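Below you'll find the structure, written out as structure tokens, and then a few comments.
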């Protein structure tokens, strides 16, 4: 019990799943259940679910465009900070700066909005992407949960 | 092609209900006969009904834009109705609000067009 009460305690969950599109929802559900322990607001919950959905959808659509591959999602809490790491071993991104531009999509003919990275950046406090062509991509996103409640208390 | 479940026509308007969670997976499963309905049945307005939708990400935005292009290509109008605050925020972030009208209910969308 004492251990559970410690602040700043770190917990990690790691799941791997295949890049079937129905696993976009699976990733959101797992994330929502894991972060529930941080007692997030509805807005925080929806923000993270949206960001996770974007990261996993990128793996499904882009990384493993012509095949089914493995997606690894790691969720970590350190104190009130949630870290989400989504990794694939797909085709990688050749031009990261271009990929992160709002409205840019490499597949304009397929009803893509090009807002994926923009949503990840907007809904999380921080986002980093690393990628190597032919080797894969890792997205790391962070968000402090409960910050809006703390701000209200200060006011 | 089978239409999205719950799709209905009122006058020259076609109302298509959106799924509870609109992501890349579910948007790929939305079937419609837009072109056939617009040419064959004189549909002039397509209303996407978000009343039952609780989640949407950027893939949903892509789906809406894709339908918008098809409707415009046949000279029709498109409207969105019933979107909750969260979905409205996401749509506005994407700039969709500049080209598509938002309404509270399907009835309001259809009435506004007439």
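The values are calculated or read from the model by the stated rules, or taken from the named source; none is laboratory data. All values reported here derive from a predicted model rather than from experimental measurement. Don't worry about glycine lacking a Cβ; one is built from the backbone with ideal geometry, like all the others, and counts go over all protein chains shown.
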Residues of the stretch A:50-83 being touching a helix residue (DSSP H, G or I) at 6+ places or on another chain (Cβ under 6 Å), part of a helix (DSSP H, G or I) and either over 15 Å from residue A:126 (Cα atoms) or modelled with pLDDT under 95 (or both), which ones?
-> A:53, A:56, A:57, A:58
In this structure, is residue A:15 away from chain B (no Cβ under 14 Å), surrounded by 12 or more Cβ atoms within 10 Å (Cβ to Cβ) and closer than 27 Å to residue B:62 by Cβ?
-> yes
Could you please tell me which pairs satisfy a Cβ distance under 8 Å, a separation of 6+ or placement on different chains, a first residue in the stretch A:109-136 that is more than 9 Å from every other protein chain (Cβ to nearest Cβ) and closer than 12 Å to residue B:93 by Cβ, and a second residue that is at pLDDT below 95 and surrounded by fewer than 20 Cβ atoms within 10 Å (Cβ to Cβ)?
-> A:121/A:100
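Find the residue count for the stretch B:38-64, including only residues that are surrounded by fewer than 20 Cβ atoms within 10 Å (Cβ to Cβ) and more than 10 Å from chain A (Cβ to nearest Cβ). Give the steps one after another, and end with the answer.
Step one: of the stretch B:38-64, the residues surrounded by fewer than 20 Cβ atoms within 10 Å (Cβ to Cβ) are B:39-42, B:44, B:51-52, B:54.
When the remaining residues are screened for being more than 10 Å from chain A (Cβ to nearest Cβ), the result is B:39-42, B:44, B:51-52.
Of the residues in that region, 7 qualify.
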Do you know which of the residues in the stretch B:65-96 that are more than 10 Å from every other protein chain (Cβ to nearest Cβ), in contact with a helix residue (DSSP H, G or I) (Cβ under 9 Å, 6 or more places away or on another chain) and more than 21 Å from residue B:52 (Cβ to Cβ) is surrounded by the fewest Cβ atoms within 10 Å (Cβ to Cβ)?
-> B:75
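Which one of these is within 10 Å of chain B (Cβ to nearest Cβ) and more than 22 Å from residue B:29 (Cβ to Cβ): A:36, A:51? Let's see the steps before the verdict.
Details: A:36 fails: within 10 Å of chain B (Cβ to nearest Cβ).
After applying the criteria, what remains is A:51.
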Answer with yes or no whether residue A:44 is surrounded by 24 or more Cβ atoms within 10 Å (Cβ to Cβ), in contact (Cβ under 8 Å) with a residue 40 or more places away in the chain and in a helix (DSSP H, G or I).
-> no
Hey, residue A:90 hits all of (1) in a loop (DSSP other than H, G, I, E, B); (2) surrounded by 16 or more Cβ atoms within 10 Å (Cβ to Cβ); (3) within 14 Å of chain B (Cβ to nearest Cβ) but one; which does it fall short on?
-> (3)
Is there a residue in the stretch B:1-16 that is within 14 Å of another protein chain (Cβ to nearest Cβ) and within 26 Å of residue A:103 (Cβ to Cβ)?
-> no
Matching strands (runs of 3 or more DSSP E) fully within the stretch B:1-98 where at least 3 residues are within 13 Å of the chain's Cα centre (by Cα) = B:13-17, B:45-49, B:77-81
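When you check residue A:113 against the structure, is it over 14 Å from the mean Cα position of the chain (by Cα) and part of a strand (DSSP E or B), yes or no? Quick ask: steps written out before the conclusion?
Numbers: over 14 Å from the mean Cα position of the chain (by Cα): yes; part of a strand (DSSP E or B): no.
No: the conditions fail for residue A:113.
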